[in-house]
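Data first, discussion second: the structure below is written as structure tokens.
Rule-based calculations on the coordinates, nothing more; no lab input. Only a predicted model underlies this, so the values are computations on that prediction, with no experimental measurement involved. Note that each Cβ is placed from the backbone with ideal geometry, even for glycine, and that neighbours are counted across all protein chains shown.
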Amino acid sequence: MNSTSVAVVGTALGTPTTRREGWEKVTGTARYAAEHTPPRCAHAWPVPATVARGRVTAVDTTAALALPGVIAVLTPFDAPRLGPTDDPQLHVLQDTVVPHHGWYVALAVADTLEAAREAAQAVRVTYETDPDTPHDVVLTVDHPGVYTPEKANGGYPAHLEQGDAATSFAASPVRVECTYKVPPLHNHPMEPHAATAHWDGGTGRLTVHDSSQGAGPVRTALASLFDLPEDSITVISEHVGGGFGSKGTPRPHVVLAVMAARHTGRPVKLALPRRHMPAVVGHRAPTLHHVRLAAREDGVLTALAHEVTTYTSRVSEFVEQAAVPARVMYAAPAHLTTHRVVALDVPTPSWMRAPGECPGMYALESAMDELADALGLDPVELRIRNEPATEPESGHPFSSRHVVDCLREGATRFGWSAHRASRRDGPLLIGTGVAAATYPVLVSPCTARAHALPDGTYVVEVNATDIGTGARTVLAQIAADALGVPLDRVTTAIGHTTLPEAPLAGGSSGTASWGWAVHDACTALIARLDRHEGPVPDGGLSASADTRAHAKQRSPYARHAFGAQFAEVQVDTVTGEVRARRLLGVFAAGRILNPLTARSQFVGGMIMGLGMALTEHSTTDPAFGDFPESDLASYHVPVHADVGDIEAHWIEEDDKHLNPAGGKGIGEIGIVGTAAAVGNAFCHATGRRLRELPLTPDRVL
Ligand code: MOS
């Protein structure tokens with residue numbers, strides 16, 4: 001499989017190419033944010049609030065400061081004041097209000113990690129709580145604080161309505177009305193969030209290694225918070241061990257590390273303990289779904305209503321846009337999608353792989369399965385009959401939409417039959433399920449630079465981030481392709497704010513955004529080389545690109561990636577354990593630029609979807625207001641033994657309405673639809689519909 005070092009001129013794109021940093025990673029020489037240790041580096045350990053709603057009235061640091069090696073303890077009463085930020089979560093230690101359990105209320109700094117941790121534990125915090133307004137962390141659909149926001153995450157209108165859903169629904173011969181529940185879910189990248197900050201008081205320069213999906217936005221936030229010019233700050237995110245969205249925005253750890261470095265005059269390292277993460281790095285908010293589908297007897301939809309209720313924090317508004325995918329997937333004369341939200345005493349939710357689409361498509365695709373059951377129709381066929389000619393919400397033509405091809409290709413590969421039967425094998429019930437998937441095509445403006453060196457090699461520079469996806473590899477492929485040179489002649493420099501400005505790794509848009517600028521810089525470089533007479537000079541030749549003009553243009557096309565997911569599950573009638581024996585995903589995501597790393601992304605997304613279906617969940621504890629499932633011992637992500645036979649395939653799409661490399665983005669589409677496919681297979685196996693995730697034995701039995 002690994003015949004990938006053979007580089008052929010001009011055909012780097014589309015070939016399976018191993019990761020450029022793979023060797024460094026497996027040998028341990030790749031250094032992550034917490035693995036940089038400047039001389040005299042100190043360690044910081046934050047103190048989380050132990051109440052979910054209240055005020056800090058006193059912080060006793062005496063015992064902490066008396067411990068050997070302790071340098072400082074910062075509290076809301078004495079921490080340095082910060083400048084403005086548009087994210088109040090970053091205004092850490094700036095006031096005494098405690099908006100949720102786990103909010104940071106102090107920071108210990110010491111010579112060693114152990115001393116910092118011990119000092120943090122020795123800090124005594126006194127809180128004032130009001131018995132008349134106890135904390136409130138439990139989401140209910142009829143919570144008195146529920147309101148309809150203007151916008152949901154991503155800038156989507158929260159509410160859209162065409163026709164009269166209620167009337168259409170009542171008048172239709174076949175109807176399903178269901179509620180689904182997705183619990184809070186947490187981003188648990190392999191590498192917890194970490195930063196090492198080095199403040200040079202002499203030069204006024206700040207250097208920060210941060211585990212982030214975008215060093216640029218981190219630098220911008222730090223410049224404002226610490227009142228520094230951006231060009232005096234360098235943020236480096238060279239190797240990042242996953243993020244899933246939780247590292248897509250600057251997080252409090254990096255602010256605390258810089259604050260401590262400036263305060264103590266020492267470099268400071270802050271590596272978040274995993275148990276802190278659920279409260280301070282965002283999470284997927286729980287969603288309550290009310291879905292109504294009505295159809296004619298032939299299965300064609302006459303009404304679709306998807307109403308989502310979710311929560312946000314009291315710190316800022318984040319509304320999981322879970323009804324948005326219904327606007328893309330299926331048309332109906334009466335179409336209603338809406339979001340309602342309530343601000344509770346919980347940590348602010350945020351991006352987690354396919355925010356909106358992931359929980360939304362769980363509900364919608366489960367409801368489609370229920371409708372297929374009600375109609376006595378094959379669920380693949382039901383989806384084919386409801387394939388819209390144009391994007392339902394906008395009426396725009398799709399740049400490409402191969403849902404039906406994914407369903408058909410998947411059905412063939414999976415051995416799906418319209419007359420499939422569930423079966424029993426001893427105590428096991430075995431069934432199959434299907435679901436569709438969608439994720440939008442996003443792209444952001446980006447800049448890049450390409451250099452030609454006298455030895456015939458090239459260097460491409462762009463402040464992209466490789467969060468484990470293979471970004472630096474695929475950017476080299478894009479460059480080699482544009483330059484028409486073998487892949488091994490191209491080096492990529494990424495993950496550093498001294499490089500040309502680039503957007504973060506998020507929204508499945510990294511390769512499209514960075515790759516566009518890389519492509520343009522390489523094309524400009526070729527033109528420059530063509531004009532140049534004689535050999536490339538010692539200093540090399542360079543060209544730059546800036547995609548601001550075209551990446552911001554609105555496309556007349558609706559652009560989305562699509563897919564189909566198939567699952568075979570077994571349900572143990574004795575233990576209640578559900579296992580996925582087979583998972584198959586078929587995706588249509590534009591041109592696949594590197595089949596090797598793309599497959600990993602698809603499969604990784606599907607495995608994360610499997611976790612959502614079967615094991616992952618947390619609860620907002622009504623008594624204490626925290627998430628009790630705060631570590632990997634209690635928050636169960638799938639392990640190797642949980643994953644059965646898993647396959648990802650794709651339809652080759654030649655879509656001219658995207659970007660020069662032709663990819664739609666592959667980071668998130670893989671998770672979308674997996675949980676619905678597994679849930680639908682569970683129902684097929686058992687004849688019972690469970691409408692709350694995950695499908696744990698307590699619910700199954
Ligand atoms: Mo992803 S949730 O857009 O980082």
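For the stretch 519-546, give me each residue that is touching a strand residue (DSSP E or B) at 6+ places or on another chain (Cβ under 6 Å), buried (at least 16 other Cβ atoms within 10 Å of the Cβ) and assigned to a helix (DSSP H, G or I).
Asp520, Ala521, Cys522, Ala524, Leu525, listed by residue number.
Return the residues of the stretch 246-270 that are more than 16 Å from the ligand (Cβ to nearest atom) and either assigned to a loop (DSSP other than H, G, I, E, B) or surrounded by fewer than 24 Cβ atoms within 10 Å (Cβ to Cβ) (or both); say none if nothing qualifies.
Passing the criteria: Arg262, His263, Thr264, Gly265, Arg266, Pro267.
Scan the stretch 387-414 residue by residue and report those that are crowded, with 21+ Cβ neighbours inside 10 Å, touching a Leu at 6+ places or on another chain (Cβ under 7 Å) and not hydrophobic (A, V, I, L, M, F, W, C).
If the condition is that a residue be crowded, with 21+ Cβ neighbours inside 10 Å, touching a Leu at 6+ places or on another chain (Cβ under 7 Å) and not hydrophobic (A, V, I, L, M, F, W, C), then Gly410 is the only one that fits.
Residues of the stretch 170-219 being surrounded by 22 or more Cβ atoms within 10 Å (Cβ to Cβ) and closer than 30 Å to Val300 by Cβ, which ones?
Listed by number, the residues that qualify are Tyr180, Val182.
Being away from the ligand (no atom under 16 Å from the Cβ) and under 20 Å from Ala598 (Cα atoms) is the filter; apply it to the stretch 489-512 and report the residue that is surrounded by the fewest Cβ atoms within 10 Å (Cβ to Cβ).
Step one: filter the stretch 489-512 for residues away from the ligand (no atom under 16 Å from the Cβ), giving 489-494, 496-501.
Now drop any that are not under 20 Å from Ala598 (Cα atoms), which leaves 492, 494.
Values: Thr492: 26, Ile494: 23.
So the residue we want is Ile494.
State which residue is farthest from Arg53 (Cα to Cα) when the search covers only the stretch 68-116 and only residues that are small (Gly, Ala, Ser) and part of a strand (DSSP E or B).
Going through the qualifying residues, I end up with Ala110.
So is Leu475 surrounded by 24 or more Cβ atoms within 10 Å (Cβ to Cβ) and away from the ligand (no atom under 16 Å from the Cβ) or not?
Here the answer is yes, as Leu475 does meet what is asked.
Starting from the stretch 526-549, take each residue that is more than 27 Å from Thr511 (Cα to Cα) and list its partners that are part of a strand (DSSP E or B), counting only C-beta distances under 7 angstrom and pairs at least six apart or across chains.
If the second residue must be part of a strand (DSSP E or B), the pairs left are His532/Leu541; Val536/Ala452.
Identify all residues within the stretch 650-692 that are touching a strand residue (DSSP E or B) at 6+ places or on another chain (Cβ under 6 Å), away from the ligand (no atom under 16 Å from the Cβ), in a loop (DSSP other than H, G, I, E, B) and within 21 Å of Leu13 (Cα to Cα); write none if there are none.
Within the stretch 650-692, Ile651, Glu653, Asp655, Leu658, Gly662 meet the criteria.
Can you name every residue in the stretch 573-598 that is under 23 Å from Tyr362 (Cβ atoms) and touching a strand residue (DSSP E or B) at 6+ places or on another chain (Cβ under 6 Å)?
First pass over the stretch 573-598, keeping only residues under 23 Å from Tyr362 (Cβ atoms): 576-589.
Listed by number, the residues that qualify are Val578, Arg579, Ala580, Arg581, Arg582, Leu583, Leu584, Gly585, Val586, Phe587, Ala588, Ala589.
Here is a list: Gly456, Gly515, Gly431. Which entry is in a strand (DSSP E or B), over 19 Å from the mean Cα position of the chain (by Cα), more than 16 Å from the ligand (Cβ to nearest atom) and in contact (Cβ under 8 Å) with a residue 12 or more places away in the chain?
None of the others qualify; the one that does is Gly431.
List, please: which pairs have Cβ atoms under 6 Å, are six or more places apart or on different chains, and start with a residue in the stretch 343-372 that is at negative phi and end with one that is of a type in the set (S, T, N, Q) and within 16 Å of the ligand (Cβ to nearest atom)?
What qualifies is Met352/Asn187; Pro355/Asn153; Pro359/Thr287.
So Gly540 clears everything in (1) within 17 Å of Ala493 (Cβ to Cβ); (2) within 16 Å of the ligand (Cβ to nearest atom) except one condition, right? Which one?
(2)
Pick from the stretch 151-166 the residues that are in a strand (DSSP E or B) and among the charged types (D, E, K, R): which of them is farthest from Pro349 (Cα to Cα)? Walk me through it before giving the result.
First, the residues of the stretch 151-166 that are in a strand (DSSP E or B): 151-152, 156-157, 160-162.
If we keep only those that are among the charged types (D, E, K, R) too, we end up with 151, 161.
Details: Lys151: 15, Glu161: 26 Å.
In this case the residue turns out to be Glu161.
For the stretch 598-640, give me the residue count where each residue is among the β-branched types (Val, Ile, Thr) and buried (at least 24 other Cβ atoms within 10 Å of the Cβ). Talk me through it step by step, then tell me what you get.
Residues of the stretch 598-640 among the β-branched types (Val, Ile, Thr): 603, 607, 615, 619-620, 637, 639.
Next, only the ones that are buried (at least 24 other Cβ atoms within 10 Å of the Cβ) stay: 620.
Qualifying residue count for the region: 1.
Return the residues of the stretch 312-354 that are of a type in the set (S, T, N, Q) and under 30 Å from Glu381 (Cβ atoms); say none if nothing qualifies.
Result: Gln321, Thr337, Thr338.
Only one of these conditions is not met by Met608: (1) within 16 Å of the ligand (Cβ to nearest atom); (2) touching a Pro at 6+ places or on another chain (Cβ under 6 Å). Which number is it?
Exception for Met608: condition (2).
Look through the stretch 352-369, keep the residues that are of a type in the set (A, V, I, L, M) and within 16 Å of the ligand (Cβ to nearest atom), and return whichever of them is nearest to Ala323 (Cα to Cα). Full working, then the answer.
To start, the set of residues in the stretch 352-369 that are of a type in the set (A, V, I, L, M) comprises 352, 354, 361, 363-364, 367-368.
Filter once more, so that each one left must be within 16 Å of the ligand (Cβ to nearest atom): 352, 354, 361.
Working: Met352: 16, Ala354: 13, Met361: 8 Å.
My answer is Met361.
Specify which of the listed residues (Ala323, Ala303, Ala332, Ala343) is more than 16 Å from the ligand (Cβ to nearest atom), aliphatic (A, V, I, L, M), surrounded by fewer than 22 Cβ atoms within 10 Å (Cβ to Cβ) and not in a helix (DSSP H, G or I).
Ala343
Taking the stretch 213-239, which residues are away from the ligand (no atom under 16 Å from the Cβ), touching a residue at least 24 places away in the same chain (Cβ under 8 Å) and either of a type in the set (Lys, Arg) or not in a helix (DSSP H, G or I) (or both)?
Passing the criteria: Arg219, Phe226, Asp227, Leu228, Ile233, Thr234, Val235, Ile236, Glu238, His239.
Quick one: is Ala367 of a type outside the set (D, E, K, R), over 23 Å from the mean Cα position of the chain (by Cα) and closer than 30 Å to Asp136 by Cβ?
Values: of a type outside the set (D, E, K, R): yes; over 23 Å from the mean Cα position of the chain (by Cα): yes; closer than 30 Å to Asp136 by Cβ: yes.
It is true that Ala367 is of a type outside the set (D, E, K, R), over 23 Å from the mean Cα position of the chain (by Cα) and closer than 30 Å to Asp136 by Cβ.
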